[in-house]
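The values are calculated or read from the model by the stated rules, or taken from the named source; none is laboratory data. Because the structure is predicted, anything quoted here is derived from the model rather than measured. Quick reminder, even Gly has a Cβ in these numbers, built from the backbone with ideal geometry, and neighbours come from all protein chains shown.
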Amino acid sequence: MATPTTTSPTAGDKGTFVREMFARIAPRYDAANRVLTAGMDERWRRRAIALLAPPAGGAIVDLCCGTGDVVFHLLRTDPSLAVTGVDFCAPMLDGARARAPREARGSATFVEGDVMALPFADNSFDGATMGFSLRNVVDIDQVLREVLRVLKPGARFVNLDVSKAPNKLWKRTFDLYFYRVVPWIGGIVGGSKQAYSYLPSSLTNHPNAEALREKFARAGFADAGFERIMGGTIAAHYGTKPGARA
Ligand SMILES: C[S@@+](CC[C@H](N)C(=O)[O-])C[C@H]1O[C@@H](n2cnc3c(N)ncnc32)[C@H](O)[C@@H]1O
């Protein structure tokens with residue numbers, strides 16, 4: 001079976017490693033994404049937004065927004081939303097800001113910040129999203145605490161990411177693709193084989209879908225759950241901040 005590469009950083013320097021890696025691949029990130037997912041990520045992102053069911057006119061924060069894919073999807077779904085994307089990698093945010101005049105059908109704001117310490121007041125948002133990023137953070141529990149802090153009572157969080165398929169055949173097929181093919185294609189289209197070797201290896205130590213749901217519940221999310229997509233190689237986790245919507 002395919003084995004992970006050894007390009008993972010140690011826990012201590014993971015934040016810096018991840019930021020510098022995304023800075024390197026930022027200019028070709030969107031093109032590489034479309035090729036690596038064969039365009040299917042568009043459908044997964046739409047599903048995540050359906051699970052969020054954002055209230056009309058609501059303020060939504062997209063964590064680790066990168067070049068803005070989830071932000072622009074949210075605004076295509078409902079232009080009445082006010083969406084704030086936050087990311088700690090300036091070149092990824094430059095990409096998002098460059099796309100905004102063409103793709104933002106409504107209010108899109110991009111803020112530089114670390115999702116481990118969100119630069120927003122308590123109870124600020126009517127919903128939160130995160131796409132393909134939770135594997136990259138230093139401390140998942142800290143991020144979940146931060147999401148709960150900035151959400152208003154009754155608001156939902158949806159996290160879309162790759163996951164560990166429960167079916168052995170699916171898992172083996174996906175591992176082969178993720179650990180062997182992704183670095184190769186990523187090297188050609190994305191411009192950095194090293195970066196696209198780290199991305200799959202970030203799944204190796206990531207909790208499986210059940211364990212991640214448990215983290216959501218332990219952090220304090222009500223109705224913590226998840227939906228498997230693509231045989232469980234992708235998962236959308238969700239939860240609601242306790243309390244009634246104002
Ligand atoms: C794989 S990209 C995903 C981008 C986007 N969400 C998407 O769906 O295409 C991961 C992003 O997470 C950002 N990131 C990782 N750790 C972060 C942190 N602690 N705080 C803010 N952004 C972070 C990276 O800079 C990068 O832009």
Notebook entry, point to check: So which pairs qualify, if the first residue must be in the range 95-122 and at pLDDT 95 or above, the second must be among the acidic types (D, E), the Cβ gap must be under 6 Å, and the two must be at least 6 apart or on different chains?
Noted result: L118/E146
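Considering only residues of the range 76-89 that are more than 9 Å from the ligand (Cβ to nearest atom) and in contact with a helix residue (DSSP H, G or I) (Cβ under 7 Å, 6 or more places away or on another chain), which is farthest from G243 (Cα to Cα)?
First pass over the range 76-89, keeping only residues more than 9 Å from the ligand (Cβ to nearest atom): 76-84.
Now narrow it down to the ones that are in contact with a helix residue (DSSP H, G or I) (Cβ under 7 Å, 6 or more places away or on another chain): 77, 81, 83.
Values: T77: 26, L81: 22, V83: 22 Å.
Of everything passing the filter in the range 76-89, T77 is farthest from G243 (Cα to Cα).
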Next item on the list: Would you check if there is a residue in the range 61-81 being assigned to a loop (DSSP other than H, G, I, E, B) and among the polar types (S, T, N, Q)?
Entry: yes
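Looking at the range 152-170, is at least one residue assigned to a loop (DSSP other than H, G, I, E, B) and over 19 Å from the mean Cα position of the chain (by Cα)?
Step one: filter the range 152-170 for residues assigned to a loop (DSSP other than H, G, I, E, B), giving 163-167.
If we keep only those that are over 19 Å from the mean Cα position of the chain (by Cα) as well, we get 166-167.
Scanning the range 152-170 turns up at least one residue that is assigned to a loop (DSSP other than H, G, I, E, B) and over 19 Å from the mean Cα position of the chain (by Cα).
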Note to self: Pull out all pairs, ordered by first then second residue, where Cβ-Cβ is under 8 Å, the residues are six or more apart or on different chains, the first lies in the range 135-155 and is over 20 Å from A235 (Cβ atoms), and the second is within 11 Å of the ligand (Cβ to nearest atom) and assigned to a helix (DSSP H, G or I).
What the structure shows: V138/K14; V138/G15
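For F110, state whether it is in contact with a Gly (Cβ under 7 Å, 6 or more places away or on another chain), of a type outside the set (A, V, I, L, M) and not in a helix (DSSP H, G or I). I'd like the intermediate steps shown before the answer.
Values: in contact with a Gly (Cβ under 7 Å, 6 or more places away or on another chain): yes; of a type outside the set (A, V, I, L, M): yes; not in a helix (DSSP H, G or I): yes.
The answer is yes for F110.
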Check: Could you list, in sequence order, the residues of the range 113-159 that are among the hydroxyl-bearing types (S, T, Y) and either more than 9 Å from the ligand (Cβ to nearest atom) or farther than 21 Å from S202 by Cα (or both)?
Finding: S124
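Can you pull out the helices (runs of 4 or more DSSP H) entirely within the range 178-228 that have at least 2 residues that are basic (K, R) and touching a residue at least 60 places away in the same chain (Cβ under 8 Å)?
Working: elements: 182-185, 193-204, 209-219.
Passing ranges, in order: 209-219.
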Note to self: Regarding the range 43-56, can at least one residue be identified that is aliphatic (A, V, I, L, M), buried (at least 22 other Cβ atoms within 10 Å of the Cβ), at pLDDT 90 or above and near the ligand (Cβ under 8 Å from one of its atoms)?
What the structure shows: no
Note to self: Return the pair list, or none, for Cβ contacts closer than 9 Å from residues in the range 16-27 that are closer than 15 Å to T67 by Cα to residues that are modelled with pLDDT under 90 and surrounded by fewer than 15 Cβ atoms within 10 Å (Cβ to Cβ), at least 6 apart or on different chains.
What the structure shows: M21/Q194; R24/Q194
Next item on the list: Might you let me know whether the range 183-191 holds any residue that is surrounded by fewer than 16 Cβ atoms within 10 Å (Cβ to Cβ) and either modelled with pLDDT of 85 or more or in contact with a Gly (Cβ under 7 Å, 6 or more places away or on another chain) (or both)?
Entry: no
Item checked: Qualifying residue in the range 91-112 (condition: farther than 22 Å from H237 by Cβ, surrounded by 15 or more Cβ atoms within 10 Å (Cβ to Cβ), within 13 Å of the ligand (Cβ to nearest atom) and of a type in the set (G, A, S)) -> yes
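Of the residues in the range 58-75, how many are small (G, A, S) and more than 9 Å from the ligand (Cβ to nearest atom)? So that I can check it myself, show each step before the final result.
Pass one, the range 58-75, residues small (G, A, S): 58-59, 66, 68.
From what is left, the residues that are more than 9 Å from the ligand (Cβ to nearest atom) are 58-59.
Result for the range 58-75: 2.
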Next item on the list: Could you list all residues from the range 196-238 that are surrounded by fewer than 17 Cβ atoms within 10 Å (Cβ to Cβ), among the small types (G, A, S) and at pLDDT 95 or above?
Entry: A211, A217, G220, A222, G225
